[in-house]
1. Under a plain spin-label model, where a point goes 7 Å from the Cα along Cα-to-Cβ, how far apart in nm are D86 and L65?
2. Taking every pair of alpha-carbon atoms in region 58-103, give the share separated by more than 15 Å as a whole percent.
3. Provide the FRET efficiency to the nearest 0.05 for the D75-N96 pair, computing r from the beta carbons and using R0 = 25 Å.
4. Grab the Cα-Cα distance for M40 and R53, subtract it from 0.36 nm times how many residues apart they are, and report the gain in nm with one decimal.
5. Quick one: helix 32-53 against the long Cα principal axis of the chain, what's the angle to the nearest 10°, folded into 0 to 90?
6. Per residue of the chain, what 222 nm ellipticity follows from adding -39500 (n - 2.57) for every DSSP H run with n ≥ 4, rounded to the nearest 500?
7. Quick one: grab the alpha carbon gyration tensor of the chain, order the square roots of its eigenvalues as a ≥ b ≥ c, and give me rounded if a/c is under 1.5, else prolate or oblate depending on whether a/b is larger than b/c.
Amino acid sequence: MTDVPRDQPDAAGLIAIARTTFLGEIQPFLKDELRLTGLMIANALAIAERELRAPDPGLLDAEPLVHAIRAGRHDGDAGLHALLHDDARRRLEISNPRYLKDT
């Protein structure tokens, strides 16, 4: 697929527009019992947008690694510790970037 200039937003842009529209035009009119649901929807849209904009999240395939760690094959592995730390940071950049700012 070639990079062709677009005159329309990409998927992340569409999600951003939908979130902004939702927060500005729909959320203010939700009744009290639906406000939390509305905020969860807006948060989910923000996460999806960040995930689509992430160049290459490089997230680990955890299942095989979990088994190896539980079997003790990585005890004291500083390189793995750094890799897991970086993976957790990348996941937080997508799911909850405010947490990284608070720490």
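Read-outs: derived from the displayed coordinates by stated rules, not from any lab. As the structure is a prediction and not an experimental result, all values here were calculated from the model. So basically every Cβ, Gly included, is an ideal-geometry build from the backbone, and we count neighbours across all protein chains shown.
1. Here the modelled spin labels are 1.1 nm apart.
2. On the way: 528 of 1035 pairs.
It works out to 51 percent of all Cα pairs.
3. Values: r = 30 Å, r/R0 = 1.19.
Step by step, r from the Cβ atoms, then E = 0.25.
4. Values: separation 13, 0.36 × 13 = 4.68 nm, distance 1.99 nm.
The span from M40 to R53 would gain 2.7 nm if fully extended.
5. 60
6. Values: 5 runs with 66 residues, N = 103.
Value at 222 nm, helices only: -20500 deg cm²/dmol.
7. Working: a/c = 3.12, a/b = 1.68, b/c = 1.86.
Judged from the Cα gyration tensor, the chain comes out oblate (a/c at least 1.5, b/c at or above a/b).
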